[in-house]
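Student: Quick one: the structure is below, questions incoming.
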Amino acid sequence: MRCPERWRLALAAALCFAAAAGAAPADVRESVAQRLKEHLPGLAAADYALGSGAFDPERREAQAQDAAAAAPVLDAGRRIWTRKFRNGRSLAGCFPNGGRRVAATYPHFDSRLKIVVTLEMAINQCLKSHGEALLDPVDPATMGAVMAYLRSLSDGQKVAVRVPQAAEGRFEQGRQLYFARLGQRNYACASCHVQGAGKRFEDAPLSPAIGQATHWPVLRGGVPVTLQARIRECLELMGAAPFPAGSDELNNLEYFLTYLSNGLPLRANPRRP
């Protein structure tokens, strides 16, 4: 399935004028925060990082009991992270401090390439530069495990994503995607996670938009599920064709969502039913 061409053309056009016409990222975040405060007056902003657990004590308790479930995934990710390349280097050598305290700054904008770089992309850029095989971004056994391990090295670090002026078009595209109604069910991401935050969909409360980027990967049945994988699942639930993992659309959407969570602590690998 592919995104309708007219939607791609509209997004491409939006990039040309969004930086000049759109609101500043800080103003966008404040607007979303205000709307969530109106919908969830009894919820402290710091609790947004709990996701659906903010509204369900049992889910919150289950998320806290993640050490045993995470151990095999983290061990698999650590082995890939520290595995020696043919030239004797490793993934750990491509990142400051061996990868510690770096996840909270991703995604970031590459001013030379003029694209948003996610943590998965940075991992594959390292592999490519050393002549190693790339990891499949949708494979939980490889990229999912590495992401789980790498983000665990930043556990508790506060999200600190920057949007320089040159990146505002990318941020704006992510915002447009989040609020655009798509698919056969005519839903937007914001329908559930801004207007509907705290309400229930089937058996789960809907998480607020702010905080959504803090707790990935999640472990579902012991399998790591990344943020982009979950967004793709949501698009399918909306009856929309999911964008490919690592596409500009999903990267910009992740950029927008992560910026909304600035100042909240990362908590990688919580359990999910």
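The values are calculated or read from the model by the stated rules, or taken from the named source; none is laboratory data. Quick caveat: nothing in here was measured; it's all calculated off a predicted structure. Using ideal geometry, Cβ is built from the backbone for each residue, glycine included, and neighbour counts are taken over all protein chains shown.
Student: Within segment 187-223, which residues are small (Gly, Ala, Ser) and not in a strand (DSSP E or B)?
Tutor: Within segment 187-223, Ala188, Ala190, Ser191, Gly196, Ala197, Gly198, Ser207, Ala209, Gly211, Ala213, Gly221, Gly222 meet the criteria.
Student: Let me ask something else about it. Among what's in segment 110-136 and is touching a strand residue (DSSP E or B) at 6+ places or on another chain (Cβ under 8 Å) and within 18 Å of Arg151 (Cα to Cα), pick the residue that is surrounded by the most Cβ atoms within 10 Å (Cβ to Cβ).
Tutor: Step by step, filter segment 110-136, then rank; the result is Val117.
Student: Please tell me if Val146 is crowded, with 19+ Cβ neighbours inside 10 Å, touching a residue at least 12 places away in the same chain (Cβ under 8 Å) and β-branched (Val, Ile, Thr).
Tutor: Answer is yes for this residue.
Student: Now, a different point. Could you check segment 16-56 and list, in sequence order, the residues that are among the acidic types (Asp, Glu), under 21 Å from the mean Cα position of the chain (by Cα) and at pLDDT below 95?
Tutor: Asp47
Student: Working only within segment 187-222, note down all residues that are of a type in the set (Ser, Thr, Tyr) and either within 16 Å of the chain's Cα centre (by Cα) or loosely packed, with under 15 Cβ neighbours inside 10 Å (or both).
Tutor: Ser207, Thr214 - these are the residues of segment 187-222 that are of a type in the set (Ser, Thr, Tyr) and either within 16 Å of the chain's Cα centre (by Cα) or loosely packed, with under 15 Cβ neighbours inside 10 Å (or both).
Student: Let me ask you something else. Mind listing whichever residues of segment 177-186 are surrounded by 18 or more Cβ atoms within 10 Å (Cβ to Cβ) and in a helix (DSSP H, G or I)?
Tutor: Pass one, segment 177-186, residues surrounded by 18 or more Cβ atoms within 10 Å (Cβ to Cβ): 177-178, 182.
Listed by number, the residues that qualify are Leu177, Tyr178.
Student: While we're on this one: Do any helices (runs of 4 or more DSSP H) entirely within segment 63-174 hold 2 or more residues that are farther than 26 Å from Ser52 by Cα and at pLDDT 95 or above, and if so, which?
Tutor: It comes to 67-82, 119-129.
Student: Contact list please: Cβ distance under 7 Å, first residue in segment 244-273 and without any contact (Cβ under 8 Å) to a residue 24 or more places away in the chain, second residue surrounded by fewer than 24 Cβ atoms within 10 Å (Cβ to Cβ) and assigned to a loop (DSSP other than H, G, I, E, B), pairs at least six apart or on different chains.
Tutor: Every condition considered, the pairs that remain are Leu250/Phe243.
Student: Please enumerate the residues belonging to segment 235-248 that are assigned to a helix (DSSP H, G or I) and crowded, with 17+ Cβ neighbours inside 10 Å.
Tutor: Within segment 235-248, Leu235, Asp248 meet the criteria.
Student: For the condition hydrophobic (A, V, I, L, M, F, W, C) and touching a Leu at 6+ places or on another chain (Cβ under 8 Å), what is the one hit in Leu135, Leu153? Talk me through it step by step, then tell me what you get.
Tutor: Values: Leu153 fails: touching a Leu at 6+ places or on another chain (Cβ under 8 Å).
Every option except Leu135 fails the conditions.
Student: Give me the pairs, please: first residue somewhere in segment 77-104 and within 19 Å of Met143 (Cβ to Cβ), second residue anywhere and hydroxyl-bearing (Ser, Thr, Tyr) and in a helix (DSSP H, G or I), beta-carbon distance under 6 Å, and either six or more positions apart or on two chains.
Tutor: From residues that are within 19 Å of Met143 (Cβ to Cβ), the pairs are Gly77/Tyr149; Arg78/Tyr149; Trp81/Tyr149; Ser90/Thr82; Ala92/Thr82.
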